[in-house]
Structure formats: C-alpha cells, structure tokens
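Encoded as structure tokens, the structure appears first; notes follow it.
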Amino acid sequence: MESIGTMTLLRTTGRAALIAAMMAGGGAVAQTVPQALQDIADAPVATAAPETGTPAALPRRAPVRDVAIAASVFSAAGLEARGIQSTLQLAQFVPNMLASNSPGLASSNSDYLRGLGTVETIAGFDPAVGTYVDGVSLGRQNANNFSFFDVERIDVLRGPQGVLLGRNTIGGAIDITLRQPSDKFGGFGEFSYGAYSRYTGRAAINLPLNQSIAINVSGYYQTDKGYVHDSTTGQRLNDNDGAGLRLAARMQFSDRAQWNGSIAYTRASGENILNFDCDPANPGKCNGRYATTGLGTGAGNYAPLVIAGRKAGFGLGNSAENLLYTSNFEWAGDHATVNLITGYVDLTQKYAIDFADGRGLPSVADPAPAVRGFLLGGLTILNDGSHRQFSQEVKVSGALFGGVVDYVAGFLVTDAKDRTDFADIATGAAAVPQLLADRVSEIQTNALAGYVQANVNLGSQLTVTAGVRYTDETRTLQITDNRAACVGSSAAPCLNEASLTANGVPVPTRQKAREWTPRLAIAYRPGDALMLFASASRSYRSGGWHVRSRTAAGILPFGPEDAWTYEAGVKSDWFGKRLSLNLTAFLIDARHVQTITDIFAAPTGEVAGYRNKGVELELAAVPVDGLNLYANLGFQDGHYRIDRNAPTVDMYGVKSVAAQQAACLAQLAAGLVPLSPAVTNAPDCATGIITANGGIARPVRAPRFTIAAGASYDFKLPAAGIILRPAVHAVYRSRYETDSANATLFAGTVTSGGTRYPANPFGGTVISGSRAAGFVLVNAALTLRTDDDNWTMAIECSNCLDKAYVDSALAGYSYLGPPRTWQLRLKRAF
C-alpha cells in the first residue's frame, strides 16, 4: 500500500554533515556491495551507496563499506527494480525488521527493528524506530508510510543511533534522501494503472536557472477504488488516494556558501479498515476482501450522541495533510563546515475508524460475533489531530591533525506541540450506542541536545570512534473533557487535569528527562576486501502518558526506555568483488520497556527489561554478468525480563508484572477462563504481558526468522537497444505475535463455572487475535527498458500469490495484510 507521509518532501542538505560524521565515526551505512555489483541497475539491496559515499562536507573521504554499523541500503534503481513504492514494502527486505499498517490507518506504519517499536500513533507514546527525511526527524508515527516519487536513496540503520540522530532511535532509523537540485537539466514522468482501478502519476524536473541557482519541482497523484467491499453499505473501503507537490531550491552564493530551502504540501487518505477474506455476512463467499460495518464514508451523523468539535462531522475514513518549510544555510571553511538547519512541519490528521466491523468484539463466548451493521460502528474512534514541530540545529564538522581525527559536533533545539481531539463510541448488544469518552489531549515537548563524535584513524587499518549526546527534555500534558457535564469538573468519570489521580495520588502532568547516549566503536581493516568491527551504543525513547485511557486513573505516566546494544560483525568482498557477504551479531539489553498493554484501559506494571540477541546476514552476488542474486537473513531471540522483587503494587495502585502473574495463576487454578464473560473471567490473564496460560508473553512483532531473497537477469538485445529483465523476490516471516499478551482465540471448547464456551484462549486452530502464522510473499516484475534508460515499461505484482496473512491485531480482531496488487507502468526519463 502507498500513502503520503508526514515529511515525505522534506529537504535539508544538512544531512551531508550528519552522514559525514557517521562515516567518520561508525554511525552510518555499513552495507555496501562491490563495484561490480554497483554498476548493475538492479543491484541487490545493499548496493545503494557509491563506493566512495562520504559527502564533501567531510575533508577525509572513506569507502562506505568501512563504517562500523549494520544497515540496509537501497538506491533509487534498487527501489524501482523491486517495485518498492512505500516504506511498508521497504521493510520486507530488511533483516529483523517488521512493519505493518497501524490498525485502521494505511498512512501510518508500526515499524519494528530487532523487536523494538510501537503500534501507537497518538501523541503520548513515541516511536522506537526513527524516521528521517534528509536528516530531519519526523516526530510522529501518524503518517510515516511514504509514497516514494523522487527518492535518491534510503538507508535503514539497524540498532541505536542515539549520538547523531538522538532520541527515539532505540531500535534504529529509516533515513530517506530525496533528490536535490543540481546544475543539470533533467527529470522524468511516469504513469501507471493497476488493480482496483488504481491510477498513479509521478513527475519531477530539475531546472538550473544559472550557475548559482537551481530548482527542483516534483509531485505525484494517485487514486483507486479500494480493495474491500462492505457488504452492509455497498461502499468500497481501503482505497488510497493522495497527492503531493514539492519545490526545492539551491542557491550557491560562493565556493564556500550555499542555501537550500523547500516548501511542500501533501495530502493523503488511506485506510486499513478491518476486513476478512470471506464475507462475514455470507461465509461461503471467499473471493475478495470484505467488511460489514454500517458506519458510512459520508459526513458523520452520530445522533443521539453529542460529539464535540469538528470530528462530529467525520465519516468513515482517514486523511492527513502536511505543510512543510525547510531552510539550510551551509558555509564550508578550510578546516570545518557549518550548517544552520531550520525546519517546520504542520501535520493534521482526521479519521473515523470502526475497529469492530459494526458488531461486537470476539470472546471465548462469542468468537465470531454476528454481523449487525451498527450505524455508528461497533467500536469507533474519532480523531482530529494537529501536530506541529519546529527545529533549529547548528552543526560543525571537519578534520583535525591532517585527517587523523574526523569530527562532528552540534546543538539542536526542538519544540513540538501535539493536540488530539478524540472520542470513543461503542455500540452494545442492544444496538444502543454509548459515548465512552470525548477529550482533548495536548502534549508539548521541548528538547535541547548537544553532541560530539570523533573518529580517530590509527593508521590505515584501525579506526576508533567515540561520541556522546546529552539531551535535556521537558514534556507537559494538558487534558480536557469535552462532555458538557464535565466542563470544569473533576468528578469521576470526567477527564480533566484536576481529576488525574490514581490510588489517591495525583498524576504528574510534567516530565523532565536528562539523558546521556554514548557510543564506542572500533573497526579493523586487514585488507581492502575485509573489515571487522565491534561497537557499544546507548539510546533512549522518551517517556509519556497513557492518554487513550477512558478513566482518569488510567492516564498514568511512564518514564524513558533505554537500551544498550552491542554489535560485532564482518564485511567482506570475494571473487573479484562479485560476491559481498556481511554478517552482524547483536545483543540488546533494554530497561524500563514501554509496552502497549490495553490502549483503552489502565496499564499493567512496568516491564523491567527486554533482551534480544540475534544475527543478520546479507549476501549479494553477480555469478555471471547480467544475473543478480541477493539473500538477507535475520534471526532473533527476544524475551522480557521481570523484576520478581518489585513491590506488589506501585504508588498508583498498579500491580507489578510478577504480582499480576501470581494472580493469574491463582485464577486459572480456580477454574476461571481468560477472555470470557465477567462471571467466569480470569482478569489478570491475557492482558499486559501475561498470557492466557499465565506465562510471560513473547515480545510482539519479533519473528525468529526474517528472510528475503531474489534474482533478476538482464537479457540484452543490442540490435534493438533494449534490455528485458524478469525478476522475482520472495519474503518469509516466521510466526510472531501482534498483541502484548499474545491473546488469541482458538477453536475448541472450554468449560468454566458450569458454562461451556465454543472457543478457548489456550491453543488449537487460530480463530482471531494475536497469533500471526508464518507466511511467504512473492513479488515479481517483467521490465523492458532502453539501454540508455530513457524509457521503461514494466508489469509488476506484489503479493502475487494473493496470500491472506495476519500482520496486526486490535481488540481481539486480526488485521490482514494487503492482497495481491498489480500495475502496468510506463516511465520516460530525460
């Protein structure tokens, strides 16, 4: 699926200084394929960067493959060759990475690297995998599923990036580089038509106005009918419409000074509405994707409920709009380069999503609720969000002592304001809708950071890197209840700041964090074709509040999550640079782990820690000219660590995980059953990170094995001046969990309190919920291009075998990944 992201069109050339420092200090792209592979347009995943990829901002240039960090790198040609047109598709080709659309929202991805990530989009939880466009951080996860239309390259950095990229990169980072204005006239135009009547147009043109000024204009438009049929209303759902326009400019004042700026507007509407491969209203009909909600896509009508604000007019759907301004002034001296980078983003997101398909939620008593087609949805969330972020960075980079030391140092100020006006509606068995909550959450974040990193080159073979960042962060929360009876009231169940107490203790609305994030790395190069490296890095994710809770006692604070990651690896070229082999082993030791337990209720006790160990292998080869092969393998083994000595309850009255587990085991011993009606329910089981069986859950979205492999071959027809390339790419993910408690409903009865239920939460054939079975996806393409690359025609398909696979879960329902799609594409470059 494609959608427009928050900062898809952001442009700052300050990234040059950042990547310069990363090349100097072991903090950037580690994965480079030999030159023999780079010369091939369909180079494997690891071939994006040129062999000498360090930007000119760094006086001492070094091959990208010499950098001591794990990364997957994608060139524009590599993205096109694999049919990758969004960040959701990108994740399929990265070891130990899993990404899925957030439930309800196709504009938002839940990105997980090495088991670290989050499914939450609302401000209050921050992402664990940072997303950057031209070196500028995207603070929110609300709209990070970008449509690629003018991309130069993408680097997926695996592991913490706390020194140079800062907070919220505890799992890693996705670094997107867009094309910059240049002194050469050129551009491209592209049109495609595909499944579900999808039309897409993309275009870009670079205009050098004179020797000092150049501009780049790019944009795209897409529309489709949606791949889901709603058998209740007849409407088409999960369409993906959007458009974007970007204007970037470069002014060269002198040999030493230049300015880059941009202005961009994007809009997108893309949904991930709950759907099924068989029609719930007609179970024998299994030839598509189906939904049964009665909530319409037109203007909202939520009577008799009284909904505050403009969200009362939202119909079923999701939309995001972005307005971006960026400015970067760069001055390059004899010994140092200075960048002044200013960025501002204004994102608004509006949606009304039914998370229960117009009916009840599944349980062991009713694992497949009957179709009701509730007009206000079964569980509907209305969201009107506004997210503004301003950042100012001053960065200095250069070399000392004749290139013996390369360094980067800087100072960053970030000011973010996140306002979310949201309401929860539930319709019960009596078909009577209820307004469960209607409130406004406002979170302001002010962060100051200073950093320095240096690379000491001890001869031509040994490099030692040391760096550290200090961050001083303050976050404040304001919450206001919109319901008429709650205006100015602190009485339960009102959600106002005065009512924020739990266990008689006031909930703080201000959090302060001061964090040091160091990095130490060493790289040894015994020869041009071999490098050995090891590193230790720390990063952290900001704390926040459980603002989705519908009770004041549930809007509890949580502190920062931090992790040390240790890596060791080898990068090597073989057989005259026809084979590249890169192997990384890692160990993550995280503390104060943030887990989304029940996004609508009070959280359970804090998870003391998370430990994950694994390996990542990336291979790329050209056995014979024209034949391109690649294989990427990830293995990980993660688990939570529990503090058995923690107090039974904390100051807010929340049970520790150990106490909750003990209570769950006692409830099971008494014959109670998790996920059953209240009279027989075991409330401490199948919640938090305690499974239905009373064990500690497997970490979510952390499959043991992730594999991607592919091949392509160029059939050259010199007489005709064309090249024909068939390509196939296969992706495998082993079984994983999508719910923090691994809560799943299985076929097979269970009895409690004399009542026999038609399903059970303990094991068997999956009905719905957390469990995601292992799956294989196959993507393929047949491309015809002229040997001067001016014309390209292609037929491409994603999920070609139309595999119905689970990639997310919410409220007991399983969300399926996108079905098979195909497109015919024509491109003209000039």
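A few comments on the model shown:
- Sequence-distant residues sharing a close amide H with Ser107 (under 5 Å, placed H): Gly270
- P(r) of segment 300-392 over all Cα-Cα pairs, binned every 5 Å from zero, in whole percent: 3, 11, 14, 13, 10, 10, 8, 7, 6, 5, 4, 4, 3, 2, 0
- Column: log10 I(q)/I(0), Debye, Cα scatterers of segment 82-137, q = 0.13, 0.17, 0.26, 0.29 Å⁻¹: -0.33, -0.57, -1.23, -1.34
- Ranked by the mean number of other Cβ atoms within 10 Å per residue, highest first, peptides 489-499, 236-246, 761-771 order as 236-246, 761-771, 489-499.
- Furthest towards positive pole of dipole, Gly609, Pro560, Tyr713, structure part the chain, Cβ charges: Gly609
- Under 5 Å from the amide H of Asp802 lie the amide H atoms of Arg820, each residue being 5 or more positions distant or on a separate chain, with H modelled from the backbone and absent for Pro and chain starts.
- Straight Cα distances below 29 angstrom link Lys417 to the lysines Lys311, Lys350, Lys395, Lys512, with same-chain residues fewer than 8 positions distant left out.
- Cα-projected label distance for Thr551 with Leu323, points at 7 Å along beta-carbon direction, nm: 4.2 nm
- Cα shape, segment 406-461, gyration tensor, a/c 1.5 rule: oblate
- The computed Cα extents along the principal axes in Å for the structure shown corresponds, within [x] 77, 57, 46; [y] 95, 80, 49; [z] 100, 57, 52, to [x].
- Full extension of the segment from Ser734 to Ile722, taken as 0.36 nm per residue of separation minus the current Cα-Cα distance, would add 0.4 nm.
- DSSP bridge analysis restricted to the chain gives an antiparallel fraction near 95%, rounded to the nearest 5.
- Ordering Gly261, Cys685, Leu520 by the projection of their Cα atoms onto the charge dipole of the chain, which places +1 on the Cβ of Lys and Arg and -1 on the Cβ of Asp and Glu, puts Cys685 at the extreme positive end.
- Stretch gain in nm, segment Leu782-Ala804, where the contour uses 0.36 nm per residue and the Cα spacing is subtracted: 5.5 nm
- As a calculated quantity, the FRET efficiency between Asn287 and Met793 at R0 = 22 Å, using C-beta atoms, amounts to about 0.15.
- Per residue of the chain, the DSSP helices (runs of n ≥ 4 H) give a summed -39500 (n - 2.57) that works out to -1000 deg cm²/dmol at 222 nm.
- Here the spin labels are modelled as points 7 Å beyond Cα on the Cα-Cβ line, and at Lys225 and Leu530 they lie 6.0 nm apart.
- Here's the list of aspartates and glutamates a cross-link from Lys803 could span, going by alpha-carbon distance under 14 Å and ignoring same-chain residues fewer than 8 apart: Asp277.
- Available extension along the chain between Trp574 and Ala303 is 90.6 nm, counting 0.36 nm per residue and deducting the alpha carbon span.
- In segment 540-588, the convex hull through the Cα atoms has an average projected area of 5.8 nm², a quarter of its surface area.
- Taking amide H as placed 1.01 Å from N in the peptide plane, Ser86 has its amide H under 5 Å from the amide H of Phe148, each at least 5 places away in sequence or on another chain.
- Computed magnitude of the charge dipole of the chain (debye, nearest 20; Cβ of K, R +1, Cβ of D, E -1): 380 debye
- For the chain, the longest principal axis of the C-alpha atoms and the axis of helix 657-669 are separated by about 40°.
- Backbone HN-Hα couplings from phi across segment 169-186 [Karplus 6.51/-1.76/1.60, Hz, Gly and Pro as x]: 10, 5, x, x, 7, 10, 10, 9, 10, 8, 5, 9, x, 9, 8, 10, 6, x
- Spacing of the two label points (7 Å from each Cα toward its C-beta) at Arg256 and Asp625, in nm: 4.8 nm
- Toward the positive end of the charge dipole of segment 256-330, with +1 on the Cβ of Lys and Arg and -1 on the Cβ of Asp and Glu, the farthest Cα among Ala299, Gly317, Cys278 is that of Ala299.
- Cα-based Rg and Dmax for segment 371-482, where Dmax is the largest Cα-Cα distance (Å): 25.2, 79
- Efficiency of FRET between Ser489 and Phe390 - r from beta-carbon atoms, R0 25 angstrom, step 0.05: 0.15
- Area projected by the alpha carbon convex hull of segment 717-830, averaged over all directions, nm²: 10.0 nm²
Only the coordinates and a few stated rules stand behind these numbers; no lab work does. A quick note: this is a predicted structure, and the numbers were derived from the prediction, not measured. Note: ideal-geometry Cβ built from the backbone for every residue, glycine included; neighbour counts use all protein chains shown.
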